[in-house]
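Participant: Have a look at this one before I ask anything.
The values are calculated or read from the model by the stated rules, or taken from the named source; none is laboratory data. A quick note: this is a predicted structure, and the numbers were derived from the prediction, not measured. Here the Cβ positions follow ideal geometry from the backbone for every residue, glycine too, while neighbour counts run over all protein chains shown. Surface areas here come from the heavy atoms of the whole protein model, side chains and all, with no ligands, DNA or RNA. Shrake-Rupley method; radii C 1.70, N 1.55, O 1.52, S 1.80 Å.
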Amino acid sequence: MNRRIVVRLPRWVKRRLRRQGQKTRDAALRTRIQIVLLYDAGLGAQRIAAHLGCVPATAVRVVRRFLDVGEDGLIDGRRGNGELKVDDDLRQALAELVAGSARDHGWTRPTWTREALARTLRRKTGVNVSVTTVARMLVVLGARWGMARPIVLCPWPKARKAHRLRAIRKTLARLRPDEVAYFEDEIDIHLNPRIGRDWTLRGRQRVVVTPGQNRKRYIAGALAVNRTDLVFVQAERKNSDLFLALLDKLRTHHRRVRRIHLVLDNYGIHSSRRVQAYLAQHAGLFRLHFLPPYSPEHNAIERLWREVHANVTRNHRCKTIGELMRQVGWHLRREAARLRQSRLVHRRNHRHVRLAA
């Protein structure tokens, strides 16, 4: 049977503790002093914990140490451990390790574990920290256990790539009023779901049923450079017909413009003989600006495709490719309507500003 802890402090001890609690800048010490004083006032562990925002076990541990050691028991027992091991330099060293690969530091595995990080830190800095301390440091750094993203490096020299990107940005910045510009790209839609993260209860794993035999459809889209318009088409094959269908839709969508600029990648259907013949037939209407090879980060429509996968295709439950494409089309039409609405709001606000001036 647990006996209630009783504390009886002389008046002069209580005065000294209150003065110490008021003067100290150590919040933890102030809390320990308050625990002892509240025990002296007759409160129990549960009420003290509720009053101070701690757990009852903390209150019991503090008062028992005080009864065993006296006022010295209120002082943090770690103060004699010497200098703190974790400082900004050690955190920076950990950040540099996480930014690289474990193989860069002699490990056979390519990914980091907290144990490997702790041992590598000890080897590199001479500071011995525990796995738990490494975990806390990772939290402070804002590090996360995330998925890697595969990329292919651009084969061009940096100067050539930078020159091409500057030329494209310069063209887009100097558009005339009778010219429009779009980012263009294609997306593959698979009936077999893209598997991704989702919230699940502890001890369970979400199951995604796949149809088995995969079916594909393709979408070509054009996102306005000023993010006010979206045009897209779909087809069963990813060939020149798909790209030509998009060019036709853009041409009918902008009947009065002098030129339509397209920023796009170097995929073969963008420069096929049929496309070259179409561009010659509509001489001067379209101007294609090809990005450096393997540079999707400079094509803004890639972000839209990621949203399509996040909102529609990832872990989907569609049984047919037709059902899936209807959901993709609905998502893209909703996004196009949102962009056009933002364009109308911008025009309305701009008109009000001019009238006020």
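Participant: Express in nm, to one decimal, how much length is gained between residue 108 and residue 132 on full extension, taking 0.36 nm for each residue of separation and deducting their alpha carbon distance.
Facilitator: In short, 6.3 nm is gained.
Participant: How much accessible area does residue 195 have with a 1.4 Å probe, in Å² rounded to the nearest 10?
Facilitator: Around 130 Å² of this residue is reachable by solvent.
Participant: Quick one, what does Rg over Rh come out to for the chain if you take C-alpha atoms and the Kirkwood Rh?
Facilitator: Rounded to two decimals, Rg/Rh equals 1.18.
Participant: Now a separate question. For residue 96, what charge total do you get from the other residues with a beta carbon under 14 Å from its beta carbon, if Lys and Arg give +1 and Asp and Glu give -1?
Facilitator: 0
Participant: What angle, in degrees between 0 and 90 and rounded to the nearest 10, separates the Cα long axis of helix 27-40 from the longest principal axis of the Cα atoms of the chain?
Facilitator: 50 degrees
Participant: Label the range 4-54 by shape, choosing from rounded, prolate and oblate, from the square roots a ≥ b ≥ c of the eigenvalues of the Cα gyration tensor; if a/c is under 1.5 it is rounded, and otherwise prolate applies when a/b is larger than b/c, oblate when it is not.
Facilitator: oblate
Participant: I've got another one for you. Could you run the Debye sum over the Cα atoms of the range 1-131, one equal point scatterer each and no solvent, and tell me log10 of I(q)/I(0) at q = 0.12 Å⁻¹, two decimals?
Facilitator: So the normalised log intensities work out to -0.65.
Participant: Pairs to check: 170/249; 124/161; 161/238; 161/249. Give those whose C-alpha atoms are more than 29 Å from each other in this structure.
Facilitator: As for pairs spanning more than 29 Å Cα to Cα, those are 124/161; 161/249.
Participant: What are the semi-axes of the equivalent ellipsoid for the range 189-307, taken as the square roots of 5 times the Cα gyration tensor eigenvalues, largest first, in whole Å?
Facilitator: Working: eigenvalues 235, 57, 35 Å².
Working through the eigenvalues yields semi-axes of 34, 17, 13 Å.
Participant: Right, next: Tell me, what is the per residue accessible area of the chain in Å², probe radius 1.4 Å?
Facilitator: 68 Å²
Participant: Which percent of the accessible area of the range 131-273 is formed by carbon and sulfur heavy atoms (probe 1.4 angstrom)?
Facilitator: Whole-percent figure for carbon plus sulfur exposure: 51.
Participant: Let me ask another. Mind putting together the pair-distance distribution for the range 149-256? All Cα pairs, 5 Å bins, whole percent per bin, short to long.
Facilitator: Values per bin, smallest distances first: 2, 9, 13, 12, 14, 16, 12, 9, 6, 4, 2, 0, 0.
Participant: What is the distance in Å between the Cα centres of the range 11-68 and the range 229-277?
Facilitator: The distance from the Cα centre of the range 11-68 to that of the range 229-277 comes to 74 Å.
Participant: While we're looking at this one, here's another question. Counting only the heavy atoms of the protein chains, how much of residue 54 is accessible to a 1.4 Å probe, in Å² to the nearest 10?
Facilitator: Approximately 40 Å² of residue 54 is accessible to the 1.4 Å probe.
Participant: Here's a follow-up. Quick check on packing: order 243-255, 30-42 by the mean number of other C-beta atoms within 10 Å, highest mean leading.
Facilitator: Result, highest mean first: 30-42, 243-255.
Participant: When we measure straight from the Cα of residue 23, which lysines land under 24 angstrom away, once same-chain ones fewer than 8 places off are left out?
Facilitator: Residue 23 reaches 14.
Participant: Leaving out ligands, DNA and RNA, and with a 1.4 Å probe, what % of the accessible surface on the range 1-68 is carbon or sulfur?
Facilitator: Percent of accessible area from carbon and sulfur atoms in the range 1-68: 49.
Participant: Taking the alpha-carbon centroid of each part, what is the distance from the range 278-312 to the range 128-193 in angstrom?
Facilitator: Taking the Cα centre of the range 128-193 as reference, the centre of the range 278-312 is 15 Å away.
Participant: Further question on the same structure: Specify whether the C-alpha gyration tensor of the range 229-296 places it in the rounded, prolate or oblate class, a ≥ b ≥ c being the square roots of the eigenvalues: rounded for a/c under 1.5, otherwise prolate if a/b is larger than b/c and oblate if not.
Facilitator: Rounded shape, in that the Cα axes give a/c under 1.5.
Participant: What do you get for the angle between helix 56-69 and the principal long axis of the chain? Use alpha-carbon atoms, 0 to 90 degrees, nearest ten.
Facilitator: Orientation of helix 56-69: about 40 degrees from the principal axis.
Participant: While we're on this one: If r is the Cβ-Cβ distance from residue 245 to residue 215 and R0 is 22 Å, what FRET efficiency results, to the nearest 0.05? Display every interim value, and only then the final one.
Facilitator: Numbers: r = 20 Å, r/R0 = 0.90.
In this case the efficiency is close to 0.65.
Participant: Ordering 101, 271 by accessible area with a probe of 1.4 Å, largest first, what comes out?
Facilitator: So, going from the largest accessible area down, we get 271, 101.
Participant: Just to check I understand the Karplus step: with θ = phi - 60° and J = 6.51 cos²θ - 1.76 cosθ + 1.60, what whole-Hz values come out for the range 187-193, glycine and proline as x?
Facilitator: With the stated coefficients, the range 187-193 comes to 10, 8, 10, 10, 5, 5, x Hz.
Participant: Let me ask something else. Can you give the FRET efficiency for residue 170 and residue 226, using 1/(1 + (r/R0)^6), R0 = 22 Å, r = Cβ-Cβ distance, to the nearest 0.05?
Facilitator: Efficiency at R0 = 22 Å is approximately 0.85.
Participant: Can you sort 270, 309 by solvent-accessible area, 1.4 Å probe, largest first?
Facilitator: So, going from the largest accessible area down, we get 309, 270.
Participant: Let me have the 222 nm mean residue ellipticity of the chain computed from DSSP H runs of 4+ only, each contributing -39500 (n - 2.57), with the sum over all residues rounded to the nearest 500.
Facilitator: -15000 deg cm²/dmol
Participant: Could you calculate, for the range 251-328, the ratio of the Cα radius of gyration to the Kirkwood radius, expressed as Rg to Rh? Could you put the intermediate results ahead of the total?
Facilitator: Values: Rg = 16.5 Å, Rh = 15.4 Å.
Rg/Rh: 1.08.
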